[in-house]
């Protein structure tokens with residue numbers, strides 16, 4: 001219904017994704033690196049209000065607010081690339097919804113991956129400790 005300005009199609013149809021993908025990846029990675037300790041300690045759902053900027057109780061933690069402060073400018077930059085005619089129209093909201101969902105998915109993947117790596121490392125360390133504690137020297141030096 002004319003919510004997006006009509007303009008010539010770019011020569012490279014992947015042009016916008018070449019801009020958006022690195023922005024999202026860098027931001028998600030920065031968020032995870034900066035707040036890794038807290039994100040690993042909290043329930044996996046902790047990231048959702050941080051990305052959306054609001055909680056059902058209305059209050060974000062300091063960490064969630066800091067995460068949201070990193071997400072908002074990136075979201076605004078990406079949304080500007082699409083040159084929507086009507087601010088906060090259906091298409092803009094749909095894109096924002098998808099982008100925030102992508103942030104949540106990327107960061108929750110990193111959290112779960114790190115938890116999995118940590119649990120495997122702990123199990124391996126425990127197993128090697130048990131093996132070493134039962135080991136007996138053989139022979140004489």
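Could you calculate the contour length gain from residue 98 to residue 72, that is, 0.36 nm times the residue separation minus the distance between their Cα atoms, to one decimal place in nm? Walk me through the numbers on the way to the answer.
Details: separation 26, 0.36 × 26 = 9.36 nm, distance 1.40 nm.
Result for the pair: 8.0 nm of gain on full extension.
Mean projection of the alpha-carbon convex hull of region 15-131 over all orientations, in nm²? Please report the intermediate quantities before stating the final value.
On the way: hull surface 36.1 nm².
Average of the hull's projected areas for region 15-131 equals 9.0 nm².
Taking R0 as 25 Å, what FRET efficiency do you get between residue 62 and residue 117 from their Cβ-Cβ distance, rounded to the nearest 0.05?
Working: r = 27 Å, r/R0 = 1.07.
FRET efficiency, residue 62 to residue 117: 0.40.
In nm, what is the difference between 0.36 nm times the number of residues separating residue 83 and residue 41 and their Cα-Cα distance? Before the final figure, lay out the partial values.
Values: separation 42, 0.36 × 42 = 15.12 nm, distance 3.93 nm.
11.2 nm is the gain from fully extending residue 83 to residue 41.
FYI, it's all coordinate maths here, none of it is from the lab. Keep in mind that what you see is a predicted model, and the values were worked out from it rather than measured. Please note: Cβ atoms are built from the backbone with ideal geometry, for glycine as well, and neighbour counts cover all protein chains shown.
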